[in-house]
Amino acid sequence: MKDARIDRRLFLRGIGGVTAGVAAATALSGCGTGTSRASAGSGGKGGKTVVVRDSGGSYGAALQKAIYTPFTQETGIQVKVLNLDDAPLLAQIKQGRPQCDLINNSMMSHTKYVQQDALEKLDLDRIKSVKSAKIPENQITDHAVGSSFYGACMAYRTDAFGGRKPESWADFWDTRAFQGGRSMCNPDGDLPELEFALLADGVPMDKLYPLDVDRAFKVLTRLRGDIKKFWDSGPLPGVLLSRQEVTMSTVWDGRIADLQKQGVPVARQLNGMRRQFQGYAIAKGAANEDNAYQLMDFSLRAESQAALAKAFPSNPSSPVAYAKLTEDERNALAGAPQYYDKGFDTDIDWWLKNESAVTKRWLEWARG
């Protein structure tokens with residue numbers, strides 16, 4: 001699931017480096033975008049197009065199957081896809097020549113785009129599915145709407161602890177009762193996992209923010225000698241668990257089902273899961289604004305979110321979408337009603353203010 005995430009170090013470099021990205025954007029406009037594909041739908045209304053930015057890979061393939069092709073079949077609007085990082089895309093928008101209309105990205109990224117005045121203010125009356133899909137109010141902003149989330153949680157080997165199951169982040173830190181190596185992410189994989197350290201130290205989930213950074217690093221230091229590897233891509237925790245190099249790891253929740261299908265004795269623990277939302281926004285100066293609204297509206301439908309969840313381990317933001325899945329499909333998702341209250345939403349505003357400083361401190365801590 002690396003393709004559905006943001007490369008954090010690239011993000012930190014890129015968002016602030018829009019000027020440096022102008023040359024890259026100019027070069028792209030001259031020689032193409034690197035990866036672009038047209039929707040497979042034939043479309044009967046001719047000449048109508050919308051360009052959407054997504055991150056490609058297996059996530060992009062799932063979007064093509066569940067969203068883009070059905071959208072074209074329904075509307076006749078051809079969907080073209082742009083896979084482009086933040087810095088060159090922002091540079092294009094600042095030049096007044098965005099190559100895409102609709103942007104599929106993390107809500108945190110969208111917030112950074114807003115700070116660069118790179119997104120159109122949304123007219124929610126043109127996105128009817130926001131109400132019909134009952135999108136949570138905290139995922140509806142002036143410039144973006146959340147469509148799905150991924151959860152960072154705990155994975156463990158079920159054969160490692162004599163039948164005992166870790167129930168909390170405190171158990172993750174308890175290497176006497178739950179012996180074996182650990183793995184956690186580094187900032188190239190995801191946000192530093194300060195919240196998990198604080199939960200392990202007894203901070204209530206609803207009292208996490210603002211994060212006590214000093215306390216979090218003190219707790220992380222207690223576990224440092226047992227962390228065998230810091231992972232930077234979605235598959236790596238599964239590899240480490242499969243090889244029994246570790247008995248527990250932080251992980252993106254959708255990765256565990258694949259391992260279980262392969263017969264690896266692993267399970268996930270969703271208590272204290274950290275949610276980060278993905279969503280849609282319209283690029284400032286989009287050439288096909290009306291079509292972008294139509295594709296956003298289609299993508300946010302409960303039926304569309306459910307279809308995407310069938311094609312990719314994506315947790316719909318729409319509570320209505322879960323009722324459109326089978327019980328097995330629903331139970332496999334961390335966003336299912338019985339799991340939702342076990343986790344918490346990432347405080348985007350706090351991380352926007354502190355990500356750079358925390359990342360720098362994390363790198364110094366990891367080296368030490």
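The values are calculated or read from the model by the stated rules, or taken from the named source; none is laboratory data. None of these values were measured; they are calculated from a predicted model. Every residue, glycine as well, gets a Cβ built from its backbone with ideal geometry; the counts of neighbours run over all protein chains shown. Surface accessibility is based on the protein's heavy atoms, side chains included, excluding ligands, DNA and RNA. Shrake-Rupley method; radii C 1.70, N 1.55, O 1.52, S 1.80 Å.
With a/c under 1.5 counting as rounded, go ahead and sort the stretch 206-293 into rounded, prolate or oblate using the C-alpha gyration tensor (a ≥ b ≥ c being the square roots of the eigenvalues; past the cut-off, prolate if a/b is larger than b/c, else oblate).
The shape class here is oblate.
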**Complete:** the chain accessible area per residue, 1.4 Å probe, protein heavy atoms, integer Å², reads 42
**Item:** Debye-sum result for the chain in log10 I(q)/I(0), which assumes one identical scatterer on each alpha carbon, at q = 0.09, 0.10, 0.14 Å⁻¹
**Value:** -0.51, -0.63, -1.20
**Request:** Express the carbon and sulfur contribution to the solvent-accessible surface of the chain as a percent, rounded to the nearest whole number, probe 1.4 angstrom.
**Result:** 48
**Fill in**
By the mean-Cβ-within-10 Å protection proxy, highest first, 344-352, 243-251 rank as 243-251, 344-352
**Prompt:** Where does the stretch 170-232 land on Rg/Rh, using Cα atoms and the Kirkwood Rh?
**Reply:** 0.96
**Asked** What is the pair-distance distribution P(r) of the stretch 146-187, computed from all Cα-Cα distances in 10 Å bins starting at 0, with each bin given as a whole percent?
**Response** 22, 50, 20, 8, 0
**Fill in**
Ranked output for segments 168-175, 115-122 by mean other Cβ atoms within 10 Å, highest leading, reads 168-175, 115-122
**Complete:** In deg cm²/dmol, rounded to the nearest 500, the helical mean residue ellipticity at 222 nm of the chain, built from -39500 (n - 2.57) for every DSSP H run of length 4 or more, is -11000 deg cm²/dmol
**Fill in**
Yeah, the stretch 241-368 with a ≥ b ≥ c from its alpha-carbon gyration tensor (a/c under 1.5 is rounded, else prolate when a/b outruns b/c, oblate otherwise) is oblate
**Asked** Hey, can you rank 59-69, 98-108 by average C-beta count inside 10 Å, highest first?
**Response** 98-108, 59-69
